[in-house]
1. Once every DSSP H run of n ≥ 4 in chain A is given -39500 (n - 2.57) and the sum is divided by its residues, what mean residue ellipticity at 222 nm do you get, rounded to the nearest 500 deg cm²/dmol?
2. Provide the packing ranking of A:145-153, A:326-334, A:419-427, A:97-105, i.e. peptides ordered by the mean count of other C-beta atoms within 10 Å per residue, highest first.
3. Run the dipole for chain A about the Cα centre, Lys and Arg Cβ at +1, Asp and Glu Cβ at -1, nothing else charged, and hand back the magnitude in debye, nearest 20.
4. Can you give the FRET efficiency for A:A264 and A:L450, using 1/(1 + (r/R0)^6), R0 = 35 Å, r = Cβ-Cβ distance, to the nearest 0.05?
5. Assign unit charges at the C-beta atoms only (+1 for Lys and Arg, -1 for Asp and Glu), then state the dipole size of segment A:359-449 relative to its Cα centre in Debye, rounded to the nearest 20.
6. Distance between the C-alpha centers of segment A:191-237 and segment A:110-129? Whole Å please.
7. Roll a 1.4 Å probe over the protein chains and send me the accessible area per residue for chain A in Å².
8. Give the peptides A:402-413, A:41-52 in descending order of average Cβ contacts within 10 Å, highest first.
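The values are calculated or read from the model by the stated rules, or taken from the named source; none is laboratory data. The model shown is predicted, which means the values in this text are computed figures rather than measured ones. In this analysis, Cβ positions are derived from the backbone assuming ideal geometry, glycine residues included, and neighbour counts consider all displayed protein chains. All accessible areas refer to the heavy atoms of the entire protein, side chains included, with ligands and DNA or RNA removed. Shrake-Rupley method; radii C 1.70, N 1.55, O 1.52, S 1.80 Å.
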Amino acid sequence: MARPTPLSGFPELLPSARLVEQHVLDVLREVFELHGFSNIETRAVEPLSVLLRKGEIDKEVYVVRRLQAEAGEESGSSDDLALHFDLTVPFARYVTENAGHLQFPFRRYQIQKVWRGERPQEGRYREFTQADIDVVDRGTLAVHHDADMARVMGEALARLPLPGVTLQVNNRRLVEGFYRGLGLEGDVLTGSIGATMRAVDKLDKVGARGVADLLAQAGLTQAQADGALALAQVRAGAGDLVASVRALGVSHELLDQGLEELLAVLTAVDDLPADRVAVVADLSVARGLDYYTGTVYETRMRGWESLGSICSGGRYDALADDGRDVYPGVGISLGVTRAIIPLLGKGAVRASRPTPTVVVVAVADEAHRRDADRVASALRARGVAAEVSPTAAKFGKQIRFADRRGVPFVWFSQEDGSHEVKDIRSGEQVLADPASWLPPAADLRPTVVLPEA
RNA sequence: GUGGGCGUAGCUCAGCUGGUAGAGCGCCGCGUUGUGGUCGCGGAUGUCGCGGGUUCAAGUCCCGUCGCUCACCCCA
């Protein structure tokens with residue numbers, strides 16, 4: 001069979017890269033659980049009607065159907081199954097389905113693959129892993145949860161083997177109120193307010209002049225466009241946010257509410273290590289997804305801004321609704337694949353070795369393989385990952401076997417029942433006992449290394 | 001979905017106005033008769049993405065196709 005070519009957008013990692021990814025997943029799980037999030041896994045598919053509920057028909061959704069469809073079974077109907085394209089919509093469905101069994105406010109984390117049929121590029125994949133945290137309540141959801149999401153994800157980001165990040169926070173109520181104060185009107189999504197938000201969201205890409213052009217096209221007056229652009233250019237911390245916005249001289253009830261909420265988020269994250277996770281109010285951030293209502297988050301890695309946001313989310317006051325109750329939520333989602341594959345590709349992060357093995361037990365000849373098995377078992381019993389050499393080749397080859405895969409130690413057993421272990425990096429070889437020998441702690445497991453740092 | 005670039009050895013790539021395929025690294029062997037790495041010597045490896053066309057002759061030119069990749073759009 002001819003060698004298959006890679007499938008664009010469906011990345012597969014080599015063992016050493018996968019080790020880095022697994023480390024990331026381990027850290028995320030640990031941090032999320034420390035903050036009391038329960039884990040769930042939802043099925044990979046949802047009825048198309050659930051995924052498209054928000055009217056986002058343009059989503060590149062993968063539909064799943066049997067190769068041999070039943071007679072009368074047509075594709076394109078709302079009953080078709082489709083692969084989920086995020087974890088938030090399936091979570092909303094899960095909440096309404098299981099509301100009777102859940103305690104609210106419900107905190108959950110979810111780390112799964114998602115699928116989007118978009119054109120792949122660096123940092124953009126068709127199959128990728130997201131790590132989501134969300135809090136959902138019944139009726140109303142207190143605002144302090146908005147800050148909590150930023151703090152939990154910030155703590156996780158600070159502990160991951162990533163460059164420092166900037167967590168950009170904004171509030172849609174603030175922005176909408178500001179625009180209404182400028183005299184803009186209409187529906188948030190379809191009217192000039194929505195158009196203005198989408199234009200302003202491109203500030204970092206097309207610049208102030210580009211945004212001004214877009215705003216003119218959207219029919220804003222010069223004064224309105226100037227005001228919207230001035231707001232979008234605000235970058236502030238907890239100390240100067242209110243003054244920066246007030247200085248623009250616009251007032252509206254919604255603006256006041258949003259400003260208060262945004263300030264609450266900024267002041268609640270002051271315990272994050274600023275060198276790893278800087279949290280700033282960035283009033284140009286709008287987010288495309290239409291169901292966000294208040295706080296919105298985006299995250300960029302310093303030095304890797306071209307990847308776009310690696311971690312985004314926000315508040316949705318009515319994402320889930322079972323007809324009797326409404327379930328507001330707030331959450332944030334880390335694009336694990338987007339964050340780490342580019343780093344791996346450019347060598348900015350790697351594993352110390354590609355296998356978990358610490359010791360290769362040499363086999364003198366096949367008649368002594370069982371002896372080697374017993375040595376390996378004794379080592380494993382104390383948590384030392386050991387594998388027995390696959391061949392009884394010359395010792396030089398067995399050492400080379402270990403060296404090639406970065407295994408630091410090779411074990412030799414003598415005919416007289418004594419044992420020696422060799423550190424193949426230094427060449428040092430010493431007497432050792434299978435029942436008690438341990439490697440240095442730093443060698444026990446593969447580690448993640450940052451060559452730059 | 002729209003537009004650009006690129007497909008040659010395991011990897012990175014060279015290959016001119018057409019003349020029957022190369023380098024570096026890696027791999028294998030020997031020097032080194034059961035302790036690797038360095039060094040030296042030797043060796044193996046290609047449907048030149050695929051299909052068709054032009055030609056005495058195609059990796060090279062033409063057409064088509066598939067794949068990868070970059071940008072736009074959008075997003076993690």
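1. -10000 deg cm²/dmol
2. Descending mean neighbour count gives A:326-334, A:145-153, A:419-427, A:97-105.
3. Working: 52 positive and 63 negative charges, 272 e Å.
Result for chain A is approximately 1300 debye, rounded to the nearest 20.
4. With a Förster radius of 35 Å, E is 0.55.
5. Values: 13 positive and 13 negative charges, 88 e Å.
The calculation lands at about 420 debye.
6. What the calculation gives is 30 Å, centre to centre.
7. Result: 48 Å² of accessible area for each residue.
8. Values: A:402-413: 19.5, A:41-52: 16.4.
Per-residue Cβ counts within 10 Å, averaged per peptide and sorted highest first, yield A:402-413, A:41-52.
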